[in-house]
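Read the figures in this text as sums done on the coordinates, not as results from a lab. What you are looking at is a predicted structure, and each value in this text was computed from that prediction instead of being measured. No Cβ is skipped: glycine too gets one built from the backbone with ideal geometry, and neighbour counts run over all protein chains shown.
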C-alpha cells in the first residue's frame, strides 16, 4: 500500500498493492494496521455504503455535523468519478480549501476523507459503483451540505451543465457563505 498526502491536511490517497495473474486480480481494500502505520490515524469503520450512478450525476457536497461527523474511506468498484472534498474545519490550516481526484475501478485508488470535510462526486463514466466506509453511523438530523455549484468554491465537476443530474435536495443546499453565516 502506498499512502500519499493530498494538499488538504489529514486527507490521503491510498494506492493498494494489486496482484494480477491470468485469473484476474486481488487487492486488500482496507487493512486497519497498515492504515494506522502509514497515516498515524487509528480508525474504526462501522458502516459501509454503496451507490450506483449514471453519467452526469453529481452528488454533494455532503457532510454530517457535531457528534455524528464521519470520516470516510472512498473507492470506485466500477466506472470513473471525480471525487471532491472541501475542508470545513475552521481550526485547520487548509480550511475552505478543496481537492479533486479521479477514482476508477481500474486504478483502485482510494481517498481517505477525515471528519469535518464536505464531500461530493460526479460520475464521469456511463455508470459507476461508488463504495465507502464510514467511522460513524448515518444520522439524518446531523445532515448538512453546501451547494455543488457554489460560486465561491467554483468546482469544475467535468460535466457539461446540460448533462448534470442533481437531486432536488442537493440543488437547494445553502451556498458556502449562507452556511458559514447561519
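What to note about this one:
- All conditions but one from (1) without any contact (Cβ under 8 Å) to a residue 12 or more places away in the chain; (2) in contact with a helix residue (DSSP H, G or I) (Cβ under 9 Å, 6 or more places away or on another chain) apply to residue 120; the one that does not is (1).
- Breaking point among (1) surrounded by 15 or more Cβ atoms within 10 Å (Cβ to Cβ); (2) touching a strand residue (DSSP E or B) at 6+ places or on another chain (Cβ under 8 Å); (3) more than 26 Å from residue 16 (Cα to Cα), for residue 149: (2)
- Sub-6 Å Cβ pairs linking a first residue in the stretch 29-40 that is closer than 22 Å to residue 104 by Cα to a second residue that is in a helix (DSSP H, G or I), at least 6 apart or interchain, number zero.
- Residue in the stretch 173-181 that is in a helix (DSSP H, G or I) and in contact with a helix residue (DSSP H, G or I) (Cβ under 9 Å, 6 or more places away or on another chain) present: no
- Selection status of residue 102, under 24 Å from residue 164 (Cβ atoms) and free of Cβ contacts under 8 Å to residues at least 24 places away in the same chain: yes
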